[in-house]
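Reviewing the structure listed below.
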């Protein structure tokens, strides 16, 4: 009988799952993965397989994948429990190949996604780095946010101190990308990220500014009355829970994305997928927190909006710009209002944007790849309308009746259908602004969601402008 060939590598673990001895090849990989000998198994795929074999008392054999930072390693390992509660490991094959070169463009894209997730202030800038809009929630940025909103049109660097800068001349955006900042009113240190909005071969047409802190903001302390409040008390999620959860969940998502995209170092494909699942679950949880917070707001007795004169075309263009990246991933083209189009209305701009982001986001989620989404404007005299149409599966009459119900997902799972609150909240917002949100659809013919709000009559005729009063 032919003898079995000697193993290419072998090792042994104890009852606690520690690698207690190993041949040269295995011990070298253990050290390169940051482990010790004896010590906890530092090779993720090997540790997982060893734990299963030891816990269930089974002999297991399969291919594992690992990396030492230079090479991708594939090995066939057999693990058999021993009488002392540990395991014996034998490697019948061991192959290594250089890791593929990193895709610098993809890495930059993932870094930008992480910066957006962690940012506590996001601003839109024009090509000269002058402020167009500002959005922030951190308490220690209130002074900065207020100053920036009052100084739209000025360079954003007028409102912060750039560490190490000794002149007041405008700095090139590449020098400011990644710069450390000191911000009035905040004890934390900040980092700026400038994400250019550009077409290859041309100068940036504008920028997205993200400010990220080195540490999270200290968790707010709840007053005794708030802690003792019943769980269903009005505003509990929005006032107390949501602010506490947003930042840690965002950091979980960002860390998972760092692992998934291998920015922190090479890992096996299955562990990259685990990290992707964690990031996706985090995104779903964060969206649920935001939806529950919005739900409390729109259902409160004293809820109202802040009407103002807005241009529906500009808001629609902003929604399309924000979701352009998500649409591009599916090859979906968003046909938004053209430059020069205008439709004056009376509504709260950020609430209209919230509704349109929900409508366009849903259209992207349920439309097939390589399809189109249209955002169209209609002037109906006293009413202004924006229509979001897609080429998705469409809705039956019964589905159209239920689609605006609270927690209604039309039979979809929570993973791909959201919380079922987006359209319910959007319709409540539309009606709070004196408008409505309706749907027109048929199975197989896509869907048309129509947002109808009061028109700005003062922008239409001089006579209407004289008679118009804004409450």
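Some observations on this one:
- Among the residues making up region 143-196, those that are crowded, with 20+ Cβ neighbours inside 10 Å and in a strand (DSSP E or B) are 181, 190, 192, 193, 194, 195.
- Filtered by the rule that a residue be assigned to a loop (DSSP other than H, G, I, E, B) and at pLDDT 85 or above, region 17-34 gives 17, 23.
- Every test in (1) crowded, with 17+ Cβ neighbours inside 10 Å; (2) under 18 Å from residue 428 (Cα atoms); (3) in contact with a strand residue (DSSP E or B) (Cβ under 9 Å, 6 or more places away or on another chain) is passed by residue 312 save one, and that test is (2).
- Qualifying residue in region 53-64 (condition: within 30 Å of residue 215 (Cβ to Cβ), touching a strand residue (DSSP E or B) at 6+ places or on another chain (Cβ under 7 Å) and surrounded by fewer than 16 Cβ atoms within 10 Å (Cβ to Cβ)): no
- Looking only at region 303-336, and only at residues there that are outside any helix (DSSP H, G or I) and closer than 19 Å to residue 206 by Cα, the one that is farthest from the chain's Cα centre (by Cα): 336
- Residue count, region 1-16 (criterion: at pLDDT below 90 and buried (at least 16 other Cβ atoms within 10 Å of the Cβ)): 3
- Selection over region 60-103 of residues that are assigned to a loop (DSSP other than H, G, I, E, B), more than 32 Å from the chain's Cα centre (by Cα) and at negative phi gives a count of 4.
- Residue count for region 338-357, restricted to those that are touching a helix residue (DSSP H, G or I) at 6+ places or on another chain (Cβ under 7 Å), surrounded by fewer than 21 Cβ atoms within 10 Å (Cβ to Cβ) and farther than 21 Å from residue 423 by Cβ: 3
- Within region 28-52, the set of residues being free of Cβ contacts under 8 Å to residues at least 60 places away in the same chain, more than 17 Å from residue 15 (Cα to Cα) and either touching a helix residue (DSSP H, G or I) at 6+ places or on another chain (Cβ under 7 Å) or surrounded by 13 or more Cβ atoms within 10 Å (Cβ to Cβ) (or both) comprises 28, 29, 30, 31, 32, 33, 35, 43.
- Complete set of residues in region 337-353 that are under 25 Å from the mean Cα position of the chain (by Cα) and in contact (Cβ under 8 Å) with a residue 60 or more places away in the chain: 348, 351, 352
The values are calculated or read from the model by the stated rules, or taken from the named source; none is laboratory data. Keep in mind it's a predicted model, so treat the numbers as computed, not measured. With ideal geometry, Cβ positions are generated from the backbone for all residues, glycine too; neighbour counts draw on all protein chains shown.
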